[in-house]
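Laboratory data are not the source of any read-out in this text; all were calculated from the coordinates shown. Every value quoted in this text rests on a predicted model; they were computed, and no experiment measured them. Cβ placement follows ideal geometry from the backbone for every residue including glycine, while neighbour counts extend to all protein chains displayed.
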Amino acid sequence: MKDIKSMRPEELNALMVSLGEKPFRARQLYGWLHQHGAVSYEEMKNLPNSLKEKLKEMPIVSLEQLDVQISKLDGTRKYLFRLADGNVIESVLMRYHHGNSVCISSQAGCRMGCRFCASTLGGLKRNLTASEMLDQVYRIQADTGERVDHVVVMGTGEPLDNYDSLLDFIYILTEEGGLHISQRNLTVSTCGLVPRIHELAEEKLQMTLAISLHAPNDGKRRILMPIANRYSVDELLDACRVYFAKTGRRITFEYSLASGVNDSEEDARELAGKIRDINCHVNLIPVNPVRERSFRRSARSSVANFKIILEKCGINVTIRREMGSDIDGACGQLRRSYLEKTESEKRHEDIFGD
């Protein structure tokens, strides 16, 4: 059974009826959980004590904030949260002129194995529930006292590998009774689980789908991303065309540039040839160095040249603005640092017993 914070309104209605309560109690409960960010039933002043007593065996998911790093450069805040079972995840608050954006995690760890990503180094621990995804947004709002306007599911994990919880998360985040963030202000990033992209297209959501492409052909993509051994670039791009046809939403292609790997003029021209018929936007990302990996970021001149070649082919391109570069900014690095520290402390205790 889902935890109470992961339930959609119709599921809460059914729960209230099963408890012998009026359906309007579901609306009250939903508002407390998703508009007010309540972490206990005691906060819910208009719920009768008799109902609170019935609900006490259904704890409300609430994340524990372990750490926050704040950039002195731009105010970016990187959070480390602990889940009820001891797993840790990270989230990032970025402030832009158009509002506050939060990047959340969808899994504790990741099994996709992308070569340049710190998130996948320890493998997948488990999927997050919808409530654990939502509460990253709620805890950050509570910590800052500021509303979140945009949400990006681009932190640790592969969102489409946690498909059912992702759909519950999207519905609750964007539905009128909760925070009511516009679907157009939501971005979900995937490394390219082709069957799930086709399923997602059928939902006809108005969010942005971001594809971690990172290479113009199968040979180079396999070097960077194991998922390329299962689905070819052509299969992935065909799924993107279907997604646009079903939703009318422009595709974003994320392209991390690694020096000498995928940043040549030939790579740029090949990429342009592959995607020029797709309504898309390319986001170029100088790769964040991860000490366990050998990839180095491309020179600024290579990044600029890559952008120029794509633009000459009529493709819309931006170079991602770096945020929080003076903190553990790369995806998974703060979590990785914490796990290494706790493992080191555990080994010390095992050896010295203190």
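For this structure, a couple of remarks:
- Lys/Arg +1, Asp/Glu -1 at C-beta; the chain dipole; positive extreme among LEU224, VAL282, VAL194: VAL282
- FRET efficiency for the ARG147 to SER294 pair, using the beta carbon distance and R₀ = 41 Å, is estimated at 0.50.
- Over the chain, equivalent-ellipsoid semi-axes from the Cα gyration tensor in Å: 37, 25, 18
- Given charges at Cβ of Lys, Arg, Asp, Glu: the chain dipole, positive-most of SER6, ALA245, GLN183: ALA245
- Protection proxy ranking, peptides 268-275, 20-27, average beta carbon neighbours within 10 Å, highest first: 268-275, 20-27
- Among the listed pairs LYS220/LYS274; LYS5/LYS54; LYS204/LYS246; LYS5/LYS78, those beyond 18 Å (Cα-Cα): LYS5/LYS78
- The mean sequence separation of alpha-carbon pairs under 8 Å and at least six residues apart, normalised by the residue count of the chain, gives a relative contact order of 15 percent.
- Around SER264: net Lys/Arg minus Asp/Glu count, Cβ-Cβ under 13 Å: -3
- Extension gain, ARG126-SER18: 0.36 nm per intervening residue step, less the Cα-Cα distance, totals 35.9 nm.
- Residues whose placed amide H lies under 5 Å from that of ASP67, excluding near-sequence neighbours: LEU80
- Quick note on region 145-303: its Rg to Rh ratio, both from C-alpha atoms and Rh being the Kirkwood radius, is 0.98.
- Residues whose amide H lies under 5 Å from that of ARG296, counting only those 5 or more places away or on a different chain, are SER259; hydrogens are built 1.01 Å from N in the peptide plane.
- Subtracting the Cα-Cα distance of MET58 and ASP238 from 0.36 nm times their residue separation leaves 60.4 nm of extension gain.
- For region 4-55: rounded, prolate or oblate by the Cα gyration tensor [a/c cutoff 1.5]: oblate
- Positive-end extreme of charge dipole, region 98-166 - chosen from MET112, GLY99, ILE140 (charges on Cβ): MET112
- Only the Cβ atoms of Lys and Arg (+1) and of Asp and Glu (-1) were treated as charged; on that basis the dipole of region 4-55 about its Cα centre amounts to roughly 80 debye.
- Around the amide H of HIS281, modelled in the peptide plane, lie the amide H atoms of ILE251, THR252, PHE253, all under 5 Å away and 5 or more residues distant in sequence or on another chain.
- For region 112-157, the Kirkwood hydrodynamic radius from C-alpha pairs, put into Stokes-Einstein at 25 °C and a viscosity of 0.890 mPa s, yields a diffusion coefficient of 196 µm² per second.
- Separation between Cα centres of region 187-240 and region 1-80, rounded to whole Å: 34 Å
- Crossing angle, helix 300-312 versus the chain [Cα axis fit, 0-90 degrees, rounded to tens]: 90 degrees
- Note on ARG184 and THR318: the model spin-label points, each 7 Å out from Cα along the C-beta direction, lie 1.5 nm apart.
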